[in-house]
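Inspection log for the structure reproduced underneath, given as structure tokens.
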Amino acid sequence: MEPGRTYVTYPGPGGVTLQGYLALPPGSGAHPAVLMIHEWWGLNRDITLLADALAKEGYLVLAPDGFRGSVATTPEQAMKQVTGTPREQIAADLDAALEFLRSHPLADPARVATVGFCFGGTQSMFQSTRQANLAATVIFYGGGPIQEASGLGSMGRSGPVLGIYGEQDSSIPVAQVRAFENALKSRGISSTITLYPGVGHAFVKSNTYRNGAAAEQAWRQMVAFLAGALKG
């Protein structure tokens, strides 16, 4: 943990204590809030910098730790913690983080969204299927996009959906993205699915979201989407 940076703890399932990084917006009063879920690396510096950037837009942002303290530095380590952590535990931990964020004194509980990148994008997608009181859902290239309307659960009742993907992402074929888009449309869910040309997986980072190219366009698309869903 870095001096001056705000890490918080909150209760998790079974009495466990969880942690996350809380980025505070300017000003006082109740703010719209965003749960920002990290990539498969875990709760690292990159996601905290993105949380800081979004907080400057006027959001209370919580980046929860989905791996209970484990942070990977190699793809092999990242894959091990993704496959070795029970899915039910991850879901329960992230839902506990959402509840903590929603109950925070600086949060407006009626204006809370979930946003995720890579592993976190998948988790945001599934959180939206089980949490009907979300105001919006943002999925940055989450693997395994839902292919059938029957798998969407409460999505749609949990506000509009924004999906951002790279057209050259070898891990998420364009056909899967289009099937997800069609599933959303078949349910009449307010949604925008964007495929950015010329980029692959995980193209939005703390060192690229202001690069003037696809990463910045995607970041600005998210900011505009959240403003419409949570501030409009």
Additional length obtainable on full extension of the chain from residue 186 to residue 87, 0.36 nm per residue less Cα span: 32.9 nm
Rounded Å value of the spacing that divides the Cα centres of the stretch 10-41 and the stretch 179-213: 23
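Given Cα pairs under 8 Å that are at least 6 residues apart, what percent is the relative contact order of the chain? Working shown, then result.
Details: 492 pairs, mean separation 37.9, N = 232.
Relative CO of the chain lands at 16 percent.
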The chain: DSSP helices with Cα axial extent of at least 20 Å and average Kyte-Doolittle hydropathy no lower than -0.5: 87-102
Cβ-based net charge around residue 38, under 10 Å, with every Lys or Arg adding one and every Asp or Glu removing one: -3
At R0 = 35 Å, FRET efficiency that the Cβ-Cβ distance of residue 108 and residue 76 yields, to 0.05: 0.25
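So in the stretch 121-232, what percent of DSSP beta bridges are antiparallel if you round to the nearest 5? Working shown, then result.
Working: 1 of 11 bridges.
Here the antiparallel bridges make up roughly 10 percent for the stretch 121-232.
How long are the semi-axes of the equivalent ellipsoid of the stretch 138-232, taking √(5λ) for every eigenvalue λ of the Cα gyration tensor, in whole Å from largest down?
Values: eigenvalues 100, 63, 16 Å².
Whole-Å semi-axes of the equivalent ellipsoid: 22, 18, 9.
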Max mean-square fluctuation residue, GNM over the chain, Cα-Cα springs under 10 Å, options 125, 222, 79: 79
Share antiparallel - DSSP beta bridges, the stretch 7-231, percent rounded to 5: 30
Given charges at Cβ of Lys, Arg, Asp, Glu: the chain dipole, positive-most of 96, 176, 33: 33
As computed over the stretch 7-231, the Cα convex hull volume per residue (Å³): 111
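Would you mind working out the magnitude of the charge dipole of the chain relative to its Cα centre, with +1 at each Lys and Arg C-beta and -1 at each Asp and Glu C-beta, to the nearest 20 Debye?
360
Only the coordinates and a few stated rules stand behind these numbers; no lab work does. No experiment lies behind these values; they were computed from the predicted model shown. Every residue, glycine among them, receives a Cβ derived from its backbone with ideal geometry; neighbour counts consider all protein chains shown.
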